[in-house]
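> Pasting a structure here, questions to come.
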Amino acid sequence: MEDERKKSKFLVVIFWLSTLGCFAFGYYNTVEAFRTYGAFGIDNPVGNWFIALIPLVMVFGGYLASVQGRRKMLYLYLAGEIIFFAANLTYLYPQKLGRILVNEEAQMLKDSVTVYQGKLDKIANKGDSYSLAKLQRLREFQSNLLTEIKDRNGFGQYATEQLKHYNELAGTSYTPERYVGKTPEERQKYYDDWKKKTDEGIKNFIVQLNGNDKSAEKIVTAKYEMDVIAFEYNPKLEIILDDKSKVILSEDAIANNSQIALLEDLAGKLDKVALDVNSVKQPAPFNKIIDMEKGISFPKTKKLGDMDFAFISAIDRINKLDTWIVIILCFFFDLLGPFLFYFYLRNEEDEFDSAGVDNWDIPWWKKLFGIQ
């Protein structure tokens, strides 16, 4: 019986090396979590390594003592491992999923732009069928006009004809401008100016369809602003969605990330449109994206590297496979792996009768902590 229960020295060495590897994994990621969070500042990296020694000492000291027979020291070990798990998730979750999280928020905002436009189209365009048909024609004239300006870098005979039809429907008196500009920047400005002017004409036409009152004007203005937002931001959101590069994690890098800043700027503009429409339209058709009273801040990725972000985001995405992969990775290295090795490495004869280890009537958790 003694020979059967004799431990393999080879396995003991392997399990100890594996356990120490788990501790090193937890320690390194805890250091990185403190660095990402900027706990001691960029210019003081030594502080991160030093403070992370506290849970490391708890983990290693508690584990070593419990293996030698002092089972109650497992409580100290567990306390240190909980710190490791929290810090590791804080670092690894955005480290592995940062790009996915930014792209998910970009897609959410892109969908919001589409929804806002659709709702505002229904709210703003309330004229009779004849007037709405005129509005559709007006937009066709605008599209034809702008297409030729872009393709020919200015007015040709076709664009002049489309502008004439546009003026007749919109009640405007725009005249063609022959000088476009020599540089690409000047030609782009020319195009943008004409789009702005023709958008303004369409806006005024819609106001007339809605009775020309203040409420209608406010809603139509919001519709105009929404169209501008979609025109400006949709191409930029597409660039973000096509981006596969890694998101750099540090307090300064996140604060200066141009993509996250763009998402934050867009969220603010969508909220302004929602506020304007909700103030005159009952029941309010839009929910705010940024609602500090409810603690809803957007984009959430501007808090990448914060512990509360990692846990809240992981809970929100708990149905995603990639979230579970990171959680299981942290759980295995910080808790499960060393626990499994502990059952083999522990000294079974120091504090309690070793026969209790093989007694199936004693619950596993009592065996673990040496309770009979």
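> Do you know which residues across segment 47-92 are modelled with pLDDT under 85 and aromatic (Phe, Trp, Tyr)?
Scanning segment 47-92 gives 49, 50.
> For the subset of segment 315-334 comprising residues that are of a type outside the set (D, E, K, R) and buried (at least 18 other Cβ atoms within 10 Å of the Cβ), which member is nearest to residue 263 (Cα to Cα)?
Step by step, filter segment 315-334, then rank; the result is 323.
> Could we say that residue 247 is within 27 Å of residue 200 (Cα to Cα) and surrounded by 14 or more Cβ atoms within 10 Å (Cβ to Cβ) here?
No.
> Can you find, within segment 68-84, the residue that is farthest from residue 312 (Cα to Cα) among those that are of a type in the set (A, V, I, L, M, F, W, C) and surrounded by 21 or more Cβ atoms within 10 Å (Cβ to Cβ)?
Top of the filtered list is 74.
> So, one more: Among what's in segment 262-296 and is without any contact (Cβ under 8 Å) to a residue 12 or more places away in the chain and assigned to a loop (DSSP other than H, G, I, E, B), pick the residue that is nearest to residue 228 (Cα to Cα).
Checked segment 262-296; the qualifying residue nearest to residue 228 (Cα to Cα) is 284.
> Would you check which residues across segment 280-297 are modelled with pLDDT of 85 or more and either surrounded by fewer than 17 Cβ atoms within 10 Å (Cβ to Cβ) or under 21 Å from residue 94 (Cβ atoms) (or both) and list them?
285
> Scan the helices (runs of 4 or more DSSP H) fully inside segment 119-233 and keep the ones with 3 or more residues being surrounded by 12 or more Cβ atoms within 10 Å (Cβ to Cβ), modelled with pLDDT under 80 and hydrophobic (A, V, I, L, M, F, W, C).
184-209
> Yes or no: segment 349-367 includes at least one residue that is in a loop (DSSP other than H, G, I, E, B) and either at pLDDT 90 or above or small (Gly, Ala, Ser) (or both).
Looking for residues that are in a loop (DSSP other than H, G, I, E, B) and either at pLDDT 90 or above or small (Gly, Ala, Ser) (or both), one finds none in segment 349-367, hence no.
> Out of curiosity, is residue 334 acidic (Asp, Glu), assigned to a helix (DSSP H, G or I) and at pLDDT 85 or above?
Yes.
> Considering each of 151, 121 in turn, give the residue that is among the acidic types (Asp, Glu), farther than 28 Å from residue 32 by Cβ and under 34 Å from the mean Cα position of the chain (by Cα).
Just one listed residue meets the conditions, 121.
> Give the number of residues within segment 235-244 that are without any contact (Cβ under 8 Å) to a residue 60 or more places away in the chain and surrounded by 13 or more Cβ atoms within 10 Å (Cβ to Cβ).
Residues flagged as without any contact (Cβ under 8 Å) to a residue 60 or more places away in the chain and surrounded by 13 or more Cβ atoms within 10 Å (Cβ to Cβ) within segment 235-244 amount to 1.
The values are calculated or read from the model by the stated rules, or taken from the named source; none is laboratory data. In this text the structure is predicted, and so the values were computed from the model without any measurement. Here Cβ is always computed from backbone atoms with ideal geometry, including for glycine, and neighbour counts include all displayed protein chains.
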